[in-house]
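Computed from the coordinates by the stated procedures, all read-outs in this text should not be read as laboratory data. From a predicted model like this one, the values you see are computed outputs, not experimental measurements. Using ideal geometry, Cβ is built from the backbone for each residue, glycine included, and neighbour counts are taken over all protein chains shown.
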Amino acid sequence: MRILHTSDWHIGRTFHGHSTLDALRGVLDTLVEQVRDHDVDVVIVAGDVFDSATPAAACYTVLSDTLRALADTGAQVIVTSGNHDSAARLGFQAGLLRDGIHVRTDPTTLDDPIIVSDDDGPVHFYGIPYLEPALLRASWPGVRTHADVLGHAMDLVRADRATRGGRAVAVAHCFAAGVEPTPQLERDIQQGGLDVVPLSTFDGVDYVALGHIHGRQQLEPHMRYAGAPLHYSFGEGDKPRGSWLVELDAAGLADVTWMSLPVPRRLATIRGSFEEILTSHAHDGLEDAWVSVEYTDDLPERDPLRRLQERFRFCARVVHVPARTRQDDGRGYSARVRAARSDVELVDAFLTHVREGQGMTDRERELLRDVLDERARVEAFA
């Protein structure tokens with residue numbers, strides 16, 4: 001049996017204020033072609049189908065068109081809800097969907113598998129939606145963390161599998177132990193390990209299709225994250241986009257292959273002085289890339305985004321990161337002002353305060369002295 005493991009479509013997410021719907025639609029069209037070309041039997045979408053609990057109408061169109069196209073290939077489609085989804089909205093029409101499309105958002109049905117058979121017998125797919133501990137404490141006493149709720153969920157899965165036999169695949173949306181998150185992206189991961197789920201939680205199945213992390217990762221040969229089909233942050237720029245093609249034989253997991261997806265617009269991060277970034281030929285070829293600029297000048301530039309977009313029209317992010325680090329002498333602004341013995345020192349104290357430790361440059365000091373000297377000459381003849 002061939003299974004395509006994908007996740008974290010985040011339909012409706014913007015990229016620094018720009019819509020990603022058209023780009024995502026094109027990538028998902030390619031995914032549909034891969035399913036058809038490789039005779040995939042089952043497609044898994046492991047949570048975070050939408051980016052918001054209240055997606056716009058156009059987002060539903062992208063989802064419904066893609067699900068229909070996947071079902072038209074002859075594959076079964078299994079979708080679970082993630083922490084960004086509204087389980088109620090995503091699952092509302094589950095009972096009305098055409099044959100071959102299964103949406104699992106209800107924790108009370110997670111041990112009722114979707115069964116797909118091949119020449120080697122049945123494979124039981126256990127779709128575990130994102131489980132919020134606070135909402136399950138009444139029905140699942142003793143659970144406090146995601147590790148608790150997923151442990152309970154997998155106990156239910158193992159108990160059901162023991163009565164059915166055969167092969168089994170679990171689908172979950174969580175932060176598993178040992179995973180490396182994308183900086184500034186998996187924003188729902190709590191610090192301190194509260195939400196970390198031990199890998200042993202998922203013992204007892206042949207493959208675990210995980211969602212929530214946006215970069216592909218292998219935790220165990222049978223336990224993987226597929227990541228998102230699009231780059232949704234500059235922190236993901238070096239991470240490939242795609243899905244896992246999983247093959248099961250009569251004994252269980254037989255093979256896993258990475259299936260790459262196209263990148264509609266590549267991402268690049270440029271660091272250097274503002275003038276060098278604007279003029280250097282080293283950055284030729286990035287005119288049509290999403291560009292993040294970190295300029296290292298001592299002082300901030302005026303209107304930097306507009307000026308950068310004259311060269312890089314898809315420049316989406318600009319950050320001022322001075323190469324010189326702030327020198328903190330331990331004195332506050334008032335103390336610096338009181339210590340000033342001249343107008344030059346007074347202005348320098350002010351600039352040091354507003355520039356976070358960087359006082360006047362030599363050129364500014366020279367100009368200020370010229371102005372003060374001119375004022376003194378005027379006053380002398382007044």
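Within the chain, what's the longest stretch lacking GluC sites (Glu not before Pro) that sit in DSSP loops with no more than 13 other Cβ atoms inside 10 Å?
For GluC sites (Glu not before Pro) (loop position, at most 13 other Cβ atoms within 10 Å), the longest site-free span of the chain is 1-286.
List the residues, sorted by chain then number, that are 5 or more residues from Ala254 or on another chain and whose placed amide H is less than 5 Å from its amide H.
Here Glu247, Leu248, Asp249 satisfy the definition.
Compute the Cα gyration tensor for the chain, then decide on rounded, prolate or oblate, letting a ≥ b ≥ c be the square roots of its eigenvalues: rounded whenever a/c is under 1.5, prolate when a/b is larger than b/c in the other cases, and oblate in all that remain.
prolate
Multiply the residue separation of Arg89 and Arg265 by 0.36 nm, subtract the distance between their alpha-carbon atoms, and state the gained length in nm to one decimal.
60.2 nm
In whole Hz and in residue order, list the ³J(HN,Hα) couplings for segment 219-225 that follow from phi through the Karplus curve 6.51 cos²θ - 1.76 cosθ + 1.60, θ = phi - 60°; x for Gly and Pro.
Taking θ as phi minus 60°, the curve returns 8, 9, x, 9, 9, 9, 9 Hz for segment 219-225.
Rounded to the nearest 5, what is the percent of antiparallel bridges among the DSSP beta bridges in segment 207-316?
Bridges in segment 207-316 that DSSP calls antiparallel: roughly 50 percent.
Evaluate the relative contact order of the chain (contact order divided by residue number), counting alpha-carbon pairs under 8 angstrom at least 6 apart; express in whole percent.
13 percent.
Just flag the trypsin sites (Lys or Arg not before Pro) in segment 46-144 sitting in loop per DSSP whose Cβ has no more than 15 other Cβ atoms within 10 Å.
Filter output for segment 46-144: Arg98, Arg137, Arg144.
Cut-off is 10 Å between beta-carbons; in what order do Thr352, Thr296 appear when sorted fewest neighbours first?
Thr296, Thr352
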